[in-house]
Structures are given as C-alpha cells and as structure tokens.
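What follows is a short report on a single structure.
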Amino acid sequence: MAGPRTPLLEPREYFDSKTPPFDFGRVLAVVALLSIVLTAGVGGIFWTFTQQLDQQVSVDNPDHVPAWSCEQYEDGGAFDDMSPPDGCDSSVPETIDRRLGDLVWQELSWVPWAMLLFVPLGWVFQGAVLHIGSSLVGGSGRFTDTLVVAGWGLIPSTLRLLVVGSFLVYHLSRVTLPANPNGAVSAIQASLSGLGLLTGAVTLVVVAWATYVRTYGLARGRDVDVGDAALVTVGLSVAGLFFELL
C-alpha cells in the first residue's frame with residue numbers, strides 16, 4: 001500500500017515509506033511555489049486593505065518650489081537672468097491632498113516582492129538551524145536532507161499567514177472608519193485588539209503542526225531518536241515564537 005503523498009498529515013509514515021524519502025528537487029519546487037503564492041497573497045492582502053483607506057491626507061506638493069529657491073530667480077539672485085520654474089507660481093500650492101490608502105501602498109508595495117527573497121532565505125536559515133541542532137545531539141547525514149525537512153515545515157507557516165491575513169482584511173472591511181486619518185488608525189487598532197486570542201490560537205496550532213512534521217523528518221533524515229529530534233524542532237519553534245513577540 002502506497003504511503004502518503006506528503007508528510008503534512010502523516011510525517012512518520014511518509015518518511016518511512018518513501019524511497020528515497022528526501023526528494024530535494026520536489027521540495028525545491030515546493031519552496032519556489034510557496035514564494036510565488038506568498039508574494040501574490042501578501043500583495044492581494046495589502047492591496048485590499050489599502051483600498052479601504054479613503055481618508056485624505058495633506059502632503060508636500062512635489063511640484064511646488066520652496067520660496068528660498070524661487071528667490072534665486074529674482075533681481076539680484078544667482079539666476080536672475082533665467083525664468084523661474086513653474087513651481088514658483090503662486091497658484092502652485094505647498095501641499096496637496098492624497099488618499100491615505102495610496103500613500104500606504106506606496107510605502108509598503110515592496111513587501112510582497114520581498115517574499116520572493118525572504119522565503120528562500122528563511123528556508124535555508126531554518127535548515128541550517130535544524131542541521132546544526134541535530135548535530136549537537138549526534139545526528140548525521142546530508143544538509144540537503146535537512147533542507148527537505150525545513151521545506152515541508154514552511155507550508156503550515158505560509159498557510160497561517162495567508163489565512164490570518166485574509167481574515168484580518170475581511171474583519172477590517174466590516175469596520176466603519178472615520179474620515180480623520182488619526183481616527184481611522186485608532187479605529188483599526190481598536191478593532192484588531194480583540195483578535196489577539198484568535199490569531200494566537202491559530203499560531204499555536206500551526207507551530208505545533210510544523211514542529212510535528214519537522215520532528216519525524218529530522219529523526220529520519222539525521223538518524224536520531226524522535227525525542228532528540230523533538231528537542232531541536234521544539235527549540236526552533238519556541239525561538240520563532242519569541243522573536244514574533246518582540
């Protein structure tokens with residue numbers, strides 16, 4: 001009877017039944033797919049969120065030229081033989097109103113694209129931590145096998161980010177935001193404050209799931225007892241939770 005197709009639900013059976021159990025090429029494709037999915041998902045979440053921020057914010061007008069610069073084109077100035085730029089005209093205001101959502105998107109639009117880099121880097125970093133940790137408890141084996149374990153462990157974390165992010169955006173879409181930007185920020189903070197218990201519960205479930213997958217994979221891939229593997233994987237998970245809370 002064929003074993004499970006992935007280790008996500010039955011990691012012990014998966015790693016015991018597969019020959020070879022550590023297909024690096026397959027996990028490399030999984031990590032690449034996760035990077036693309038996370039980039040699209042985070043981009044969609046950010047875009048949907050910013051579309052809800054219709055408040056107007058006063059910002060500096062990039063077409064306006066400061067008075068001190070315009071003075072250089074007046075009589076006696078360094079450029080008095082030249083015509084002043086259009087931005088010196090009194091009809092060009094110093095500030096203009098911009099939509100808050102457009103400003104937020106302009107500042108954060110790089111974050112989704114950064115996922116294309118952060119996911120592979122996080123994968124390699126977690127693999128290195130698992131490899132070094134398992135070496136300390138007597139493990140042996142190839143680093144690529146450890147990377148396979150770390151790659152499968154990324155899937156629960158990716159699902160968690162997309163599910164929680166989508167739920168937060170859905171929740172915020174049902175909140176009426178005041179026209180004042182400061183009031184809108186306060187309303188968002190108040191709305192999110194009540195979701196800490198839910199997101200915390202989801203986080204614990206997902207972290208336990210990823211730890212479960214990594215533990216049996218590390219035990220097989222590094223030839224160590226399940227208890228020693230759990231010591232390493234739980235340590236990685238606890239450290240991850242600690243840095244999230246900082």
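Observations on the model:
- Filter pass, residue 221 being surrounded by 16 or more Cβ atoms within 10 Å (Cβ to Cβ), under 19 Å from residue 155 (Cα atoms) and at pLDDT below 90: no
- Residue count for segment 173-232, restricted to those that are polar (S, T, N, Q), more than 15 Å from residue 12 (Cβ to Cβ) and under 24 Å from the mean Cα position of the chain (by Cα): 7.
- In segment 116-172, the residues that are closer than 12 Å to residue 34 by Cα, of a type in the set (A, V, I, L, M) and in contact with a helix residue (DSSP H, G or I) (Cβ under 8 Å, 6 or more places away or on another chain): 116, 119, 154, 155, 159, 161, 162
- Selection from segment 10-43 of residues that are open to solvent by less than 50 Å² (accessible area, probe 1.4 Å) and not in a helix (DSSP H, G or I): 21, 22
- Flag for residue 2 being small (Gly, Ala, Ser) and at pLDDT 90 or above: no
- Restricting 101, 141 to residues that are open to solvent by less than 40 Å² (accessible area, probe 1.4 Å), modelled with pLDDT under 95 and more than 16 Å from the chain's Cα centre (by Cα) narrows the list to 101.
- Scanning segment 44-61 for residues that are of a type outside the set (Val, Ile, Thr), crowded, with 16+ Cβ neighbours inside 10 Å and in contact with a Ser or Thr (Cβ under 8 Å, 6 or more places away or on another chain) returns 46, 52.
- Test: residue in segment 198-215 that is in a helix (DSSP H, G or I), open to solvent by 50 Å² or more (accessible area, probe 1.4 Å) and in contact with a helix residue (DSSP H, G or I) (Cβ under 6 Å, 6 or more places away or on another chain): yes
The values are calculated or read from the model by the stated rules, or taken from the named source; none is laboratory data. Just so you know, these numbers come straight off a predicted model, no measurement behind them. Note: ideal-geometry Cβ built from the backbone for every residue, glycine included; neighbour counts use all protein chains shown. Side chains are part of the model used for accessible areas, which takes the heavy atoms of the whole protein and leaves out ligands, DNA and RNA. Shrake-Rupley method; radii C 1.70, N 1.55, O 1.52, S 1.80 Å.
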